[in-house]
Amino acid sequence: MSRIRTRTALLAALALVGGATGTAMAAVPDDTGAQAVPCTVDYKIQNQWDSGFTAAVTVTNNGAAKSSWAVKWSYAGNQKITSGWNANLTQSGTAVTASNESYNGPMSTGASVSFGFNASYSGTNAMPATFTLDGVTCNVDDGGSGPTDPPDPSGPDAKVDNPYSGAKVYVNPEWRAKANAESGGSRIANQPTGVWLDRIAAINGVNGGMGLRAHLDEALRQKGSDELVVQLVIYNLPGRDCAALASNGELGPTEIDKYKTQYIDPIAAILADPKYASLRIVTTVEIDSLPNLVTNTGSRPTATPQCDVMKANGNYVKGVGYALNKLGDVANVYNYIDAGHHGWIGWDDNFGASANVFKEAATAEGATVNDVHGFITNTANYSALKESNYTINDNVAGKSVRESKWVDWNRYVDEQSFAQAFRNQLVSVGFNAGIGMLIDTSRNGWGGTARPTGPGATTSVDTYVNGGRYDRRIHIGNWCNQSGAGLGERPQANPAAGIDAYVWMKPPGESDGSSSSIPNDEGKGFDRMCDPTYTGNPRNGNNLSGALPNSPLSGHWFSAQFQELMKNAYPAL
């Protein structure tokens with residue numbers, strides 16, 4: 001259920017940024033000299049489902065400065081903490097202790113720290129009655145808001161924790177018409193998909209198509225008296241997609257001012273129109289950009305000169321920061337930054353470094369972490385949602401699954417486990433404890449006759465993994481119009497802990513890129529990764545591309561791909 005992001009909750013989120021130096025929620029003496037309460041605790045349930053919940057806790061120290069801290073409480077029910085972040089959490093029976101990590105021990109007078117956790121429960125999930133900080137009983141500030149409170153649309157801070165909860169999601173009539181025109185397409189034509197603003201002209205509509213205002217007007221019609229989410233893809237950075245020519249954009253590497261004034265500013269102005277204030281507008285901010293600064297630069301074998309340029313000039317960081325700042329100023333906009341996928345940044349040397357780059361961008365050009373509602377993974381990609389036939393902890397023939405050629409020392413084998421873990425990493429570097437994750441499931445179903453029904457043979461770690469994995473790509477680095485792919489889980493809210501929604505941000509049937517060079521005025525190059533005869537590069541282990549033949553330019557309708565996705569859908573249509 002949705003609940004209000006009250007001013008108290010926002011201050012709690014701010015406290016995460018401030019760490020040991022923040023002043024959020026500090027109780028101060030009034031003019032009569034009354035003493036402050038020694039400490040204040042704000043305990044919020046961020047997300048709750050039948051068997052578990054996610055909670056965020058902010059504690060404010062109003063007493064003497066501390067070099068370390070411990071918060072304690074007890075549950076009245078059977079709640080059991082299963083994982084946490086920003087604190088060392090232990091539990092004995094109903095009693096819980098949360099103590100500082102090495103990096104957030106100091107708490108000056110008036111400072112706040114925040115931490116969060118996932119927990120299981122059954123029956124009721126009552127809030128703890130008493131909290132202590134180093135043995136001193138704290139005042140409890142619940143903000144007057146619980147997980148089942150209805151949204152209150154009044155006031156500038158009236159954002160729900162999860163915009164997808166209790167809401168319909170916008171069905172793009174242009175995509176619906178294309179899907180309905182395909183044989184069997186009516187089975188999915190009413191699914192919600194993202195609206196891609198992939199060039200300046202898209203704001204007003206391309207070739208007579210719907211522009212941003214037309215989509216928002218149609219969204220109001222679809223909304224009626226219900227809540228409704230509109231999904232927009234903000235995708236036009238200078239030097240866009242420095243490692244993938246098929247999705248290069250119209251702006252050159254140095255055209256940051258044009259990006260700001262001719263692209264972001266007009267979008268922000270339209271979204272800020274009071275006419276659209278009742279919509280929940282979700283933005284996916286600049287896919288396939290920031291992770292490139294980590295994985296495809298410097299001395300790495302995957303580096304490209306174009307990505308080195310974008311890292312040196314800082315325009316990816318500046319552009320994302322500017323977009324977050326301007327769009328985040330609109331009260332009903334929920335920004336989700338693209339966070340790659342597990343087969344891109346799931347390795348140790350990419351995982352933490354990517355989170356740090358995201359934090360840099362989220363605090364650039366006037367943006368703060370409060371402009372970030374969450375992150376989205378697997379956008380327009382194919383990584384399997386959940387691999388059931390093997391885990392990262394399995395050992396076969398004396399070798400770890402991580403040693404298999406497919407996993408290749410990654411710490412994650414599927415998208416959901418990665419998204420949940422990366423969420424914790426993002427919180428640990430300073431993003432708010434209440435952030436949620438989206439996972440694009442538009443093309444990661446991997447059903448059909450090739451879907452394994454059990455683990456592979458235990459002859460070797462490779463036969464075990466390759467025989468059991470749902471993801472049938474030749475290599476996890478393959479990304480263009482993949483043969484054998486299928487529609488994944490249908491869009492839904494609150495599917496798992498920390499996951500705000502499964503979404504179809506990439507509209508099924510829209511090409512990733514052309515299989516041969518096609519002259520165009522859209523700034524889109526020819527990438528050999530979309531050529532089925534291409535034998536690869538270091539980014540896909542020098543393997544075949546696995547791409548379908550005869551594909552059009554990226555974003556253009558690809559009937560053969562649409563039919564393939566329906567045929568291999570999992571769950572099946």
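The values are calculated or read from the model by the stated rules, or taken from the named source; none is laboratory data. Please read all numbers here as calculations on a predicted model, not as lab measurements. Backbone-built Cβ (ideal geometry, glycine too); neighbour counts: all protein chains shown. Just so you know, the surface numbers come from the protein's heavy atoms only, side chains and all, with ligands and any DNA or RNA stripped out. Shrake-Rupley method; radii C 1.70, N 1.55, O 1.52, S 1.80 Å.
Numbers for the structure displayed
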{"item": "Subset of the stretch 478-497 (residues that are over 16 Å from Q416 (Cβ atoms) and either outside any loop (DSSP other than H, G, I, E, B) or open to solvent by less than 20 Å² (accessible area, probe 1.4 Å) (or both))", "result": "N478, C480, N481, Q482, A485, G486, L487"}
{"item": "V229, sole failed condition from (1) under 23 Å from P508 (Cα atoms); (2) not in a strand (DSSP E or B)", "result": "(2)"}
{"item": "Number of positions in the stretch 552-572 that are open to solvent by less than 50 Å² (accessible area, probe 1.4 Å) and hydrophobic (A, V, I, L, M, F, W, C)", "result": "6"}
{"item": "Qualifying residue in the stretch 315-329 (condition: out of contact with any Lys or Arg (no Cβ under 6 Å at 6 or more places or on another chain), open to solvent by less than 40 Å² (accessible area, probe 1.4 Å) and part of a loop (DSSP other than H, G, I, E, B))", "result": "no"}
{"item": "Residue, least open to solvent (accessible area, probe 1.4 Å), within the stretch 84-117, restricted to residues that are under 18 Å from W49 (Cα atoms) and modelled with pLDDT under 85", "result": "G116"}
{"item": "Meets criteria (over 18 Å from A179 (Cα atoms), in a strand (DSSP E or B) and without any contact (Cβ under 8 Å) to a residue 60 or more places away in the chain) for P532", "result": "no"}
{"item": "Search result, residues across the stretch 265-290 that are polar (S, T, N, Q) and surrounded by fewer than 23 Cβ atoms within 10 Å (Cβ to Cβ)", "result": "S278"}
{"item": "Matching residues in the stretch 528-542 - criterion: being among the small types (G, A, S) and open to solvent by 50 Å² or more (accessible area, probe 1.4 Å)", "result": "none"}
{"item": "Residues being free of Cβ contacts under 8 Å to residues at least 12 places away in the same chain, of a type in the set (G, A, S), open to solvent by less than 50 Å² (accessible area, probe 1.4 Å) and part of a loop (DSSP other than H, G, I, E, B) - total across the stretch 187-223", "result": "2"}
{"item": "One residue from G252, G239 being closer than 25 Å to N296 by Cα, touching a residue at least 24 places away in the same chain (Cβ under 8 Å), open to solvent by 10 Å² or more (accessible area, probe 1.4 Å) and not in a strand (DSSP E or B)", "result": "G239"}
{"item": "Inter-residue pairs, beta-carbon under 7 Å, first within 13 Å of D141 (Cβ to Cβ) and part of a loop (DSSP other than H, G, I, E, B) and in the stretch 31-42, second at pLDDT 50 or above and open to solvent by 40 Å² or more (accessible area, probe 1.4 Å), 6+ apart", "result": "V37/N139"}
{"item": "Flag for E522 being open to solvent by 10 Å² or more (accessible area, probe 1.4 Å), under 23 Å from N172 (Cβ atoms), of a type in the set (D, E) and over 21 Å from the mean Cα position of the chain (by Cα)", "result": "yes"}
{"item": "So S545, is it farther than 30 Å from Y164 by Cβ and either charged (D, E, K, R) or touching a Pro at 6+ places or on another chain (Cβ under 7 Å) (or both)", "result": "yes"}
